[in-house]
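**Student:** What follows is a structure written as structure tokens; I'll ask about it next.
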Amino acid sequence: MKIEFCKVIPKPLAEILHNEQSLWGSNVIFESGKKILLNAASGKGKTTFVHTLMGLRSDFSGEIIIDGKNSKSLNTDDWVRLRQSKIASVYQDLQLFPHLTVEENFKIKAELTGSFNSNSALDNLDYLGLADKWNQRCGLLSMGQQQRVAIIRSLMQPFEVLVMDEPFSHLDQTNTELCIKLINDRCDELKAGFILTTLDARKDLVFDYEVKL
Amino acid sequence: MIKTLLFNHQEKRQLVIAFIGSLLGVSFLITSIHYLSKINDYGKESEILGKNTLIIQKKVTSASSFNLTKTDFSPNEISKMKLEPFISDVKPVVSNNFRVWFETNDPYVPTFKSDVFIQAVSKEFLDVKSNNWHWKEGEKFVPMIMPRDFLVMLNTFMNASGIPQVSDELAMKLKFRLRISDGLKEEWVDTRIIGFTNEISSILVPENFMDYATRKYANGNPGKITQIMVAGKEGQFGKLEKYMNDHGLESKNAQVIVSRLKSIVGTLFGVILVISIVTVVASGLVLIQYMQLLLSHNKYEVRTLLRIGMHPDKISRTFFFYFIRVFGAVLVIGFTVFGLLKYFVDEMFQTGGIYLSKSISIYAFAAILLTFIIFALSSFRTAKKEVFSLFNK
């Protein structure tokens, strides 16, 4: 899967002067199967990048080309297909359903792709130290626990690119390393890549190249 | 799972209120439409006059008996009546202006003869279902509609002659004939009875036959118009009745009573119908508004479902089918309530001497279907619009 950002500048960031290396206003290609780090300080547009790429906002100039198609020309069915089988995501605000249990959150995601495997989900939860939370309502979990549930949920679907917006912001080093391992294993299994936004340079993460904002 | 997510944490009080409102509205809607239809059909089997139609004449007073006032209608009077806003049509009743005798002409019954009076009315005013209601020169039989009182008289004669009385069906199979004459020449024509009426006191024949006989035996005298047929507009019988009183006109009493009864009961159910429609529309709107509220309450959940890859059509269908089931339950329970109401209302009508047919009016079913279709379309449109407004947000 090939994603190209062609001189994209979101309207809220149009007034800000971006340096020459910045993704904003430049031509940047996110290559298929590559693990890419998007490192930027607060306010540089990390979440805006994720939302723009996922089609949640269209208030930008320039073009985003996804597999040869302008993102603004994609219809509802195209976006649904992309989200179900091409681009998995972990949003900064996690987007879990607080009234549902961990299992139910997984099941809803699995209903979309028919790929739910209760054992595998439980294994991943156990691997991240949350096996006892299977029947717990997500709203009652801590932010760190919720982040891990959101990561597992994103890995349950088939994808070519996993887009993550500061997915480890509430995790300690140990849990972060466990999550990174889980993500890398799944990406390798699917021969997929990821784009991970972060506030700081991550020494614990192996990636192919870095893009600046 | 999606139903658990969207519907398990709702505040159901408004839904219950909308449900009860819809239930009341639908129950009264079905009931009022059913009874409007039944009241409208009441007595139709014995009626040959069209809907809201009266035969009226001028009241005979002492003055008219001495020829001081006229009992016939002038063309000017008829034209003026046509202009009244509550009258849809006026036509003269044409009476014979020649001599007419009626007699049996069947080997199975003894001879019975009588001078009779025949009339013809415009076909538009008649509600005759028989295909035989036509005549032209050369045709074998002249069809007749007899006053039921005439059959009673015939049966009295049969009884006195020691032969069995005849039923409506048998009377319609017997052969009769009319003798028409101007005093110098005469003609016999075979006739058949095709129906009976309680509404008209003379023998009715097709207009064509009356024209033919008048041309041939009335010596060029068209005769006076002493009766006219008036078709009143729906639900405005009261105004027609007042007009008749103000202008010294009268109609057959039973006809007036039935028309007045139908007008009053029809107006009553009409008012209930309007209230029911308003209630159904208002409660339907509350249900639709509740759907919007539920969608708004679940905005985060819907948006998240869309973000993780659910198709908006699937979400809008989930809301749509949920509300269709709610409204379906309203219609089923509403119909049951109508069944109970019908039992008691029918009893009340019967106690009052009005026997309505027991079957459920087709219009009641049509109302249910129409209400369901309108609600389904509105809820489908609302669900789709609201869900798609959250897509890519």
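**Student:** Can you list the aspartates and glutamates whose alpha carbon is less than 13 Å from that of residue B:59, not counting same-chain residues fewer than 8 positions off?
**Tutor:** In chain and number order, the partners are B:72, B:246, B:250.
**Student:** Something else about it: Within region B:264-321, report the chymotrypsin sites (Phe, Trp or Tyr not before Pro) that DSSP leaves as loop and that have at most 14 other Cβ atoms within 10 Å. Mind dumping the intermediate values first?
**Tutor:** Working: sites: B:269, B:290, B:300, B:319, B:320, B:321; in loops: none.
Of the chymotrypsin sites (Phe, Trp or Tyr not before Pro), not one in the loops of region B:264-321 has a Cβ with at most 14 other Cβ atoms within 10 Å.
**Student:** Lys and Arg at +1, Asp and Glu at -1: add these up for the other residues within a Cβ distance under 14 Å of residue B:170 and post the number. Spell out each step's value before the answer.
**Tutor:** Working: positive: B:173, B:175, B:192; negative: B:106, B:168, B:169.
Spelling it out: positives minus negatives among the neighbours equals 0.
**Student:** Something else now. Placing +1 on the Cβ of each Lys and Arg and -1 on the Cβ of each Asp and Glu in the protein assembly as shown, which of B:30, B:343, B:52 has its Cα farthest towards the positive end of the resulting dipole?
**Tutor:** Of the candidates, B:52 comes out farthest on the positive side.
**Student:** Might you report the magnitude of the Cβ-based charge dipole of the protein assembly as shown about its Cα centre, with Lys and Arg at +1 and Asp and Glu at -1, to the nearest 20 debye? Don't jump to the answer; show the numbers that get you there.
**Tutor:** Details: 71 positive and 62 negative charges, 156 e Å.
In total the dipole reaches around 740 debye.
**Student:** Turning to a different aspect of this structure: Report the rotationally averaged projected area of region B:53-251 based on its alpha-carbon convex hull, in square nanometres.
**Tutor:** Seen from a random direction, the Cα hull of region B:53-251 projects 13.3 nm² on average.
**Student:** Additional query: Under a point spin-label approximation (7 Å from Cα along Cα-to-Cβ), what is the residue B:388-residue B:282 distance to one decimal in nm?
**Tutor:** The answer from the label model is 3.2 nm.
**Student:** Net charge around residue A:100, counting only other residues with Cβ within less than 14 Å of its Cβ (Lys, Arg = +1; Asp, Glu = -1)?
**Tutor:** On the way: positive: A:107, A:109, A:133, A:137, A:153, B:3; negative: A:103, A:104, A:111, B:301.
Here the count lands on +2.
**Student:** Alpha carbon centre of region A:143-190 versus region B:307-346: separation in Å?
**Tutor:** 43 Å
**Student:** On to the next question. Using the reciprocal of the averaged 1/r over all distinct C-alpha pairs, how large is the Kirkwood radius of the protein assembly as shown in Å? Kindly include the intermediate steps, with their values, before the conclusion.
**Tutor:** Details: mean 1/r = 0.0310 Å⁻¹.
Evaluated over the protein assembly as shown, this radius sits at 32.3 Å.
**Student:** Just need the relative contact order of chain A here, percent rounded to a whole number, with Cα pairs under 8 Å and 6+ apart.
**Tutor:** 33 percent
**Student:** Pairs of alpha-carbon atoms within less than 8 angstrom and 6+ residues apart define the contacts here; what relative contact order does chain B have, in percent?
**Tutor:** Numbers: 542 pairs, mean separation 114.3, N = 393.
With pairs under 8 Å counted, the relative contact order is 29 percent.
**Student:** Against the longest principal axis of chain A, how steep is helix A:102-113, in degrees 0 to 90 to the nearest 10, with axes from Cα atoms?
**Tutor:** Helix A:102-113 sits roughly 60 degrees off the main axis of chain A.
**Student:** Arranged by the count of other C-beta atoms within 10 angstrom, fewest first, what order do A:203, B:12 take?
**Tutor:** On the way: A:203 6, B:12 10.
The order, fewest Cβ neighbours first, is A:203, B:12.
**Student:** Tell me what the protein assembly as shown gives for mean residue ellipticity at 222 nm when only DSSP H runs of n ≥ 4 count, each as -39,500 (n - 2.57), the sum divided by the residue total, rounded to 500 deg cm²/dmol.
**Tutor:** Numbers: 18 runs with 279 residues, N = 606.
Roughly -15000 deg cm²/dmol at 222 nm, from the helical runs in the protein assembly as shown.
**Student:** Kindly list the residues of region B:356-393 that lie in the label zone of residue A:59, defined by a backbone N under 19 Å from the point 7 Å along the Cα-to-C-beta vector.
**Tutor:** Within reach of a label on residue A:59: B:389-393.
**Student:** Here is a further query. Name the helices (complete DSSP H segments) of chain B with a Cα length along the long axis of 20 Å or more and a Kyte-Doolittle mean of at least -0.5, or state none.
**Tutor:** Working: long enough: B:13-41 (42 Å, 1.01); B:253-297 (64 Å, 1.56); B:312-351 (58 Å, 0.89); B:362-390 (42 Å, 1.36).
Qualifying helices, which must be both long enough and hydrophobic enough, are B:13-41, B:253-297, B:312-351, B:362-390.
**Student:** Roughly what % of DSSP beta bridges within chain B run antiparallel, to the nearest 5? Before the final figure, lay out each step's value.
**Tutor:** Values: 32 of 41 bridges.
Bridges in chain B are about 80 percent antiparallel.
**Student:** So, one more: Against the longest principal axis of chain A, how steep is helix A:173-190, in degrees 0 to 90 to the nearest 10, with axes from Cα atoms?
**Tutor:** Between the helix axis and the principal axis of chain A, the angle is about 80 degrees.
**Student:** Once both axes come from the Cα atoms, what is the angle between helix A:118-127 and the longest principal axis of chain A, in degrees from 0 to 90, rounded to 10?
**Tutor:** Approximately 80 degrees, to the nearest ten.
**Student:** Order of A:91, A:209 from fewest to most other C-beta atoms within 10 Å? Could the numbers behind the result be given before it?
**Tutor:** Values: A:91 22, A:209 10.
Placing the least packed residue first, the sequence is A:209, A:91.
**Student:** Using a cut-off of 19 Å between alpha-carbon atoms, which aspartates and glutamates can reach residue B:140, once sequence neighbours fewer than 8 places away in the same chain are excluded?
**Tutor:** Once the sequence-local aspartates and glutamates are set aside, what remains near residue B:140 is B:103, B:106, B:186, B:187, B:190, B:207, B:211.
**Student:** Sort A:24, B:133, B:101 by Cβ crowding within 10 Å, fewest neighbours at the top.
**Tutor:** Working: A:24 23, B:133 18, B:101 15.
Ascending number of Cβ neighbours within 10 Å: B:101, B:133, A:24.
**Student:** Hey, if you put +1 on the Cβ of every Lys and Arg and -1 on every Asp and Glu Cβ in region B:53-251, which of B:94, B:235, B:167 ends up farthest toward the positive end of that dipole?
**Tutor:** Checked the options; the winner is B:94.
**Student:** Also: Here are some pairs, A:2/A:46; A:11/B:299; A:181/A:203; which of them have Cα atoms lying more than 18 Å apart in this structure? Provide the component values of the computation, followed by the final result.
**Tutor:** Numbers: A:2/A:46 20 Å; A:11/B:299 25 Å; A:181/A:203 14 Å.
Among A:2/A:46; A:11/B:299; A:181/A:203, the Cα-Cα distance tops 18 Å for A:2/A:46; A:11/B:299.
**Student:** Nearest 0.05, what FRET efficiency do residue A:17 and residue B:381 give at R0 = 41 Å with Cβ-Cβ as r? All intermediate terms of the calculation are to be shown ahead of the outcome.
**Tutor:** Values: r = 47 Å, r/R0 = 1.15.
For R0 = 41 Å, the calculated efficiency reads 0.30.
A short reminder: the numbers here are calculations on the coordinates, not readings from a lab. Given the structure is predicted, the values throughout are model-derived calculations rather than measurements. So basically every Cβ, Gly included, is an ideal-geometry build from the backbone, and we count neighbours across all protein chains shown.
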